[in-house]
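Bear in mind these aren't lab numbers, they're just calculated from the coordinates by the rules spelled out. Bear in mind that the values here come from a model prediction, so they are computed numbers and not experimental data. All Cβ positions, glycine included, derive from the backbone under ideal geometry; neighbour counts span all protein chains shown.
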Amino acid sequence: MKIAILQNDIKQIEAITDTLDHAGHQVDVFFNRAVLDSQLLNFDLIILNFDKSFIKDIRINYGFTLPLITWLENENLISDALFSGATDYFIDGEEIFEIIQRIKPYIARDNSDCSGIFLGESNSIKLDGVKVQLTKEEFRLAHFLYSHLNRPLKESYLMMKVWGVDYPDHVSDFDRVVSGLKSKLVGTSNACKLRLMEIKGYGYRLIEDTAS
């Protein structure tokens, strides 16, 4: 995969590029927005400092197929970044391991340690052989979240996937569905942990925690 990084922190760049290079990815580093802008279509993934106007320009000119991961100074900027068009985010000060884990969903991901089996006929999910019974709505939500594992998803988008075009009539039901799914995942005892995480002011992310 070809990855572009626009970042001024040399230490952060070196740690990330070394890790990604070792994994077999081609990484190009940019220090100038205009230079990167002229070469965007050459890359599969962009990692950049948070710049709302630049992110919006990219989305206007190139659409939403190109993943954009942005660095944020603090958690208060998360919803602002995602609504601007960022696909995902890091928070300044996160360890390199956490940053690489956040990048993984956008590059080749090995799912062998955490295989989810969705049983549509019974609205249940099987994790490492442990069967968890879900309601119809919880099953739809879990299935969609798992197909976008570790990625932040907007709440209204998730409601659309659960109830279709009638989702505005079910806004009051969404919290109940989320709460039910969250409690059932927490109560599952197996090697593969799936955790539903709220992104305040934006939506939710299904996190994969694989036991070592």
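Annotations
- Relative contact order %, the chain, counting alpha carbon pairs below 8 Å whose residues are six or more apart: 15 percent
- Dipole magnitude of the chain about its Cα centre (Cβ charges: Lys, Arg +1; Asp, Glu -1), debye to nearest 20: 640 debye
- Estimated at 0.36 nm per residue, the fully extended path between residue 9 and residue 124 surpasses their Cα-Cα distance by 36.8 nm.
- Dipole of the chain [Lys/Arg +1, Asp/Glu -1 at C-beta], most positive-end residue of 207, 123, 53: 123
- C-alpha long axis of helix 171-186 to longest principal axis of the chain, angle in °: 90 degrees
- Longest exposed-site-free window of the chain, the sites being GluC sites (Glu not before Pro) in a DSSP loop that have at most 16 other C-beta atoms within 10 Å: 96-212
- Overall form of the chain per C-alpha gyration tensor (a/c, 1.5; a/b vs b/c): prolate
- Toward the positive end of the charge dipole of the chain, with +1 on the Cβ of Lys and Arg and -1 on the Cβ of Asp and Glu, the farthest Cα among 3, 144, 30 is that of 144.
- Centre separation in Å (Cα based) which lies between the range 127-156 and the range 35-102: 25 Å
- Of 97, 43, 30, the one that fluctuates the most in a GNM where the chain has Cα springs shorter than 10 Å: 97
- Helical contribution to [θ] at 222 nm, DSSP H n ≥ 4, -39,500 (n - 2.57), averaged over the chain, rounded to 500: -11500 deg cm²/dmol
- Gained length - residue 154 relative to residue 98, 0.36 nm times residue gap less alpha-carbon distance: 18.0 nm
- To the nearest ten degrees, helix 10-22 and the longest principal axis of the Cα atoms of the chain are 70 degrees apart.
- Net charge of neighbours whose Cβ lies under 15 Å from the Cβ of residue 183, counting Lys and Arg as +1 and Asp and Glu as -1: +1
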